[in-house]
Every structure is written in C-alpha cells, then in structure tokens.
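Comments concern the structure below.
The values are calculated or read from the model by the stated rules, or taken from the named source; none is laboratory data. Every value quoted in this text rests on a predicted model; they were computed, and no experiment measured them. Quick reminder, even Gly has a Cβ in these numbers, built from the backbone with ideal geometry, and neighbours come from all protein chains shown. When the accessible area is computed, the model is the full protein with side chains, heavy atoms only, and any ligands, DNA or RNA have been set aside. Shrake-Rupley method; radii C 1.70, N 1.55, O 1.52, S 1.80 Å.
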Amino acid sequence: MIRSSESNTTMATKPGFPATGIPPAPAATPTPPIAGLRPAAAPQGTRPATSDRRALVVGRGIALAGGAISDCERLEVHGTVEVSLNHALELSIAESGVFRGEAEIEEADISGAFDGAITAKARLVVRSTGRLSGTIRCARLMVEEGAQVSGRIEMIAPSAAPAQAQAAPAAQGSAPDPYAAPAEPAFART
C-alpha cells in the first residue's frame, strides 16, 4: 500500500521484499536452448502432474493425415488433422484448427472447423468462431451465437460411465441419491 502526503511518502512492503517494494530477482534463470540440441532431461520426480496425461497437440501449420488416434485423453488441434479419433476424452479445436474425419469422444470444444462424423458422449460445445458440418451425435449440445452448424444432428443418451456409477449403489441395495441434480435438457437455455 502506498500512502502519500504533502511532506512524506511511505511504502509498506511484504516480508522478504526489500524496502523499495520491488520483488527480488529470481535466483537463476534457465538459459534458452541452443538450436539443434535437446535440453537435458529433468531429474526424476520433478515432472508436473499434467504431463502424465496422454495428450496430443497438433500445432499451427502442422498437418496430420491418415490412420487413427486412439486412447488419447486430450487432442488439441491448432493445425490440420485428417484422422479417425477413437475413445478419447477431450477434443479441442482452436480457431486456426481444422479436423476432418471421425471422432468418438466424451467432450468436444470447437472454435475452428470440424467436417465429418462426431460423437460426443457427454458434451459438444461449438464456439462463436466454430464451423461444424457432417453427422453430429451428442448428449448435450451448446452452440454460441455466430457458430455455423450444418448436417444431421442426433441427440443420444449421456455416456454409460455416469449411468454405471448410479447403478452401482442400486445394486448394493441403497436408494439413489435424492439430492442429485436432475438431468439437464439437451437444448441450451436462453
């Protein structure tokens, strides 16, 4: 906090900060990698938890064509992808991204272009910059104003995983949770 008056100025500082209020410089900054050389491997146990995910990022200006991608937890598309995507959890298509082919996923968030057949077992979101065409199957569909959606749309029952989780307590002899939220309608509310 800075307090000013006509005769003096005082500055409150956080513990460990110098009297100037400017945080100290970091102890050491890593040097940028030299072109053509790989950075040294990080010591064991220092990997961030998010690196354990099975994720694939297709960068801007990169094209991936042919074959299939399966068991990928997250596919993020900034370039062009022409494949079949099976048993994935998340598909994210950036504004610059283009996906052509088939995709069977739990959730999808489309800001770029998708052309083909998509099955989103949980939720499909088409952002205002998104263009979706082809055969569309999903449990929940959310379309922002300005998005372009064309093709055959089929609403399906939510994925089997939540249904199995609800069936397990019933199989054990306990009643379903009376406080559980009711299922949302498949259309967006305004």
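Observations, loosely collected:
- PRO162, sole failed condition from (1) under 19 Å from the mean Cα position of the chain (by Cα); (2) at pLDDT below 95: (1)
- So LEU132, is it under 22 Å from GLY66 (Cα atoms) and in contact with a Phe, Trp or Tyr (Cβ under 9 Å, 6 or more places away or on another chain): yes
- Any hit, the stretch 102-125, residues being assigned to a loop (DSSP other than H, G, I, E, B) and open to solvent by 30 Å² or more (accessible area, probe 1.4 Å): no
- Top-ranked residue in the stretch 66-95 [being in contact with a Ser or Thr (Cβ under 9 Å, 6 or more places away or on another chain) and farther than 21 Å from THR135 by Cβ; ranked as most open to solvent (accessible area, probe 1.4 Å)]: GLU95
- Taking the numbered list (1) modelled with pLDDT under 90; (2) under 14 Å from the mean Cα position of the chain (by Cα); (3) β-branched (Val, Ile, Thr) in turn, VAL77 passes all entries but (1).
- Selection status of THR129, in a loop (DSSP other than H, G, I, E, B) and modelled with pLDDT of 95 or more: yes
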